[in-house]
1. Test Leu42 against the stated conditions and say whether it is touching a helix residue (DSSP H, G or I) at 6+ places or on another chain (Cβ under 7 Å), buried (at least 20 other Cβ atoms within 10 Å of the Cβ) and assigned to a helix (DSSP H, G or I).
2. It is to be established whether one or more residues within the range 132-141 are aromatic (Phe, Trp, Tyr), in contact with a helix residue (DSSP H, G or I) (Cβ under 6 Å, 6 or more places away or on another chain) and in contact (Cβ under 8 Å) with a residue 40 or more places away in the chain.
3. Name the residue that is surrounded by the fewest Cβ atoms within 10 Å (Cβ to Cβ), counting only residues in the range 45-64 that are in a strand (DSSP E or B) and either modelled with pLDDT under 95 or of a type in the set (A, V, I, L, M, F, W, C) (or both).
4. (1) among the aliphatic types (A, V, I, L, M); (2) modelled with pLDDT under 95; (3) buried (at least 19 other Cβ atoms within 10 Å of the Cβ); (4) more than 19 Å from Met142 (Cα to Cα): which one isn't true of Leu79, the others all being true?
5. Please determine, by comparing only the residues of the range 88-145 that are within 16 Å of the chain's Cα centre (by Cα), of a type in the set (Lys, Arg) and in a helix (DSSP H, G or I), which one is surrounded by the most Cβ atoms within 10 Å (Cβ to Cβ).
6. Give me the residue from the range 21-39 that is modelled with pLDDT of 95 or more and exposed (fewer than 15 other Cβ atoms within 10 Å of the Cβ) and, out of that set, nearest to Arg106 (Cα to Cα).
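The values are calculated or read from the model by the stated rules, or taken from the named source; none is laboratory data. Keep in mind that this is a model prediction, so the values were computed, not measured. Methodologically, a virtual Cβ is constructed for each residue, glycine included, from the backbone with ideal geometry; neighbour enumeration extends over all protein chains shown.
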Amino acid sequence: MPLSAFAAPLVATHAEYLHLTYRPDLQTVILRWLRDVSLSELQLAHRAALELTLHHKAAFWFVDVRRRLVVNNTHTRWLADEFLPHAAALTPTGNLRIAYLTSPSRQRIIDADSDMQLIVTRAESKGQPYRLRTFLDEASAMAWLLEG
């Protein structure tokens, strides 16, 4: 077995708002948000995640948004309609799977906003070039992510 099989996860923290890692054992890019972010921070972080994805030929993303308290329709729309389709087209497998881990309070905010519900429904639809689902617990999110 090559020595690289025992390598520690690649870690890159973006400022004080994101912990970004690659888990070679899971072939998964992990984004753990540490606070709410501006649109430019969100875009920069997702571009960095895409670079990490392409470098490692990964097809799975685990995104932990539990520490982000503000639900922003503009951010979510950019991700669902612009960035994620672009990212999916660039992934080596063409099968980008994204598991979002959210908090119950964040989910309640989403459920109460009809515009946000439409964006999330569209993001989770089978017509997208990526697969995305949201979860309230990490074990279920990882199980779904790795089953595909």
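1. Taking the combined requirement at face value, the residue satisfies it.
2. no
3. Val63
4. Result: Leu79 fails condition (2) only.
5. Arg106
6. Arg35
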